[in-house]
Amino acid sequence: MKKNIALSPKIETLFGTRDENLHLLEDGLNVSIDLKSDSVEIEGTPSDVSRAEQVFADYAHLQRNGFAFYNGDLGSMLRIVISDPNASLRTLAEASKQRAVGKRSVQPKSVNQKRYIEAIENDDMVFGIGPAGTGKTYLAVAMAVSALVAKQVNRIILARPAVEAGERLGFLPGTLQEKVDPYLRPLYDALYDLLDAENMGFNSKCVITGDITQIELPNTRRSGLLEVMDVLKSVNGISFIHFDESDVVRHHLVQRIVRAYEDHKVRTAQNQLSLSLESQPAEASAAEEHQLEN
């Protein structure tokens, strides 16, 4: 199927540097996009062509209404649209505008980040679980600040676990504030990035973030995060959003490092299982020999 779309004013800003966004749409939606003098020709299956056409229509609508994209937000939104058939460029852009914090908007950069933000909006308690760099802490603070600026809440409460491997809070040097500050630093950094330098109860929301790959408790103690994942997973009003290396929004090298550690973890588990299975026949034969001797 082929479909020609008339070029709207300034539609070329959708194309991206060296047409990178067009290539993104072609690869992600399995279509071919050909630029004509006064139109764009899209070729592919009817459903794929329809999705690509909707992107052009949404972008034209956003332009007519004065929406501006910043800091690579357009590329991130297009990736979400490609990955999630239920998402559209228009709804993503309008939702990010509603969550604006000053001149900044709270914009997800992956499908899981989108699910995370929506869970924070809809549920009273949300667990964001995943490796470093997936945006779980920054987005939680950004959503809290957005709610505060919009006067949906009266205050923000920041909390971090006060337990580290081999240390207890009471043995750390300094005042209580100085002891706690290092644990809150990621939250402070997010707040300072979003805001100028200027009791939880009803109508509150709680977002807990953690990384189960960085548990440093002694082997005899089970992580509280792992426990609540089992105990609260079916409780209505509580969401668990799991991030992976595809959600890492830092340098691509960080994404590859996270994937390498996950692959290493799988290989280690497989090796341990293999060694365990190999040792079982030897143990069984030794037991049998012992019985014969008796």
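Does I157 satisfy the condition of being at pLDDT 80 or above, under 30 Å from E245 (Cα atoms) and open to solvent by 70 Å² or more (accessible area, probe 1.4 Å)? Here the answer is yes, as I157 does meet what is asked. Remark: pairs (first residue in segment 236-264, over 23 Å from A140 (Cβ atoms); second residue modelled with pLDDT of 75 or more and open to solvent by less than 50 Å² (accessible area, probe 1.4 Å); Cβ separation under 6 Å; 6+ apart in sequence or on different chains) = R259/E245.
Within the option set Y59, Y70, being closer than 21 Å to V145 by Cβ and aromatic (F, W, Y) holds for one residue only, Y70. Number of residues in segment 116-137 that are open to solvent by 20 Å² or more (accessible area, probe 1.4 Å) and either modelled with pLDDT of 95 or more or of a type in the set (V, I, T) (or both): the value is 1.
Only one of these is of a type in the set (S, T, N, Q), within 22 Å of V81 (Cα to Cα) and modelled with pLDDT of 85 or more: Q152, Q113. Name it.
On the way: Q152 fails: within 22 Å of V81 (Cα to Cα).
Criteria check complete, one pass: Q113.
Evaluating I42 against the criteria (1) in a strand (DSSP E or B); (2) surrounded by fewer than 18 Cβ atoms within 10 Å (Cβ to Cβ) leaves one unmet condition, (2). Taken over segment 195-214, the criterion of being open to solvent by less than 80 Å² (accessible area, probe 1.4 Å), among the hydrophobic types (A, V, I, L, M, F, W, C) and either at pLDDT below 75 or in contact with a Cys (Cβ under 7 Å, 6 or more places away or on another chain) (or both) is satisfied by L195 alone.
The values are calculated or read from the model by the stated rules, or taken from the named source; none is laboratory data. Note that the coordinates shown come from a computational prediction; the quantities given were computed from them, not determined experimentally. Note that we place each Cβ from the backbone using ideal geometry, even for glycine, and neighbour counts take in every protein chain shown. Each accessible area value is taken on the protein alone, full model and side chains, heavy atoms only, with ligands, DNA and RNA left out. Shrake-Rupley method; radii C 1.70, N 1.55, O 1.52, S 1.80 Å.
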